[in-house]
Amino acid sequence: MQQIDHSLDCLTVDYVVLNQSTLGIPHIIEVNVDALHNLVKAGKVRYLGASAMYA
């Protein structure tokens, strides 16, 4: 949360429209997805994009 807040302050915006992420490490995918979900719920990110994910 602190990192996105810093980025939003630097960009002088309230939210980013798309946060693209690569979540290629299987054992931390759940943690990353949870953190990204929290960013959307907080209104800091409008849409998520992901690549290199395992099914």
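The values are calculated or read from the model by the stated rules, or taken from the named source; none is laboratory data. It should be emphasised that the depicted structure is a prediction, and the values quoted were computed from it without experimental measurement. Cβ: placed from backbone, ideal geometry, glycine included. Neighbour counts: every protein chain shown. To get the accessible areas, we keep the full protein, side chains included, count just its heavy atoms, and leave off ligands, DNA and RNA. Shrake-Rupley method; radii C 1.70, N 1.55, O 1.52, S 1.80 Å.
Of the residues making up the range 1-19, those that are free of Cβ contacts under 8 Å to residues at least 40 places away in the same chain, out of contact with any Phe, Trp or Tyr (no Cβ under 8 Å at 6 or more places or on another chain) and open to solvent by less than 100 Å² (accessible area, probe 1.4 Å) are Asp5, Ser7, Cys10, Val13, Tyr15, Val16. Counting only residues that are at pLDDT 95 or above and polar (S, T, N, Q), the range 1-11 holds 0 of them. Taking residues in the range 31-48 that are among the β-branched types (Val, Ile, Thr), and partners anywhere that are surrounded by 13 or more Cβ atoms within 10 Å (Cβ to Cβ), the pairs with Cβ atoms closer than 6 Å and at least 6 places apart or on different chains are Val45/Val16; Val45/Asn19; Val45/Leu39. Taken over the range 12-30, the criterion of being in a strand (DSSP E or B) and modelled with pLDDT of 85 or more is satisfied by Val16, Val17. Note on the range 31-47: among residues that are over 13 Å from Asp14 (Cα atoms) and at pLDDT 90 or above, the one that is most open to solvent (accessible area, probe 1.4 Å) is Lys41.
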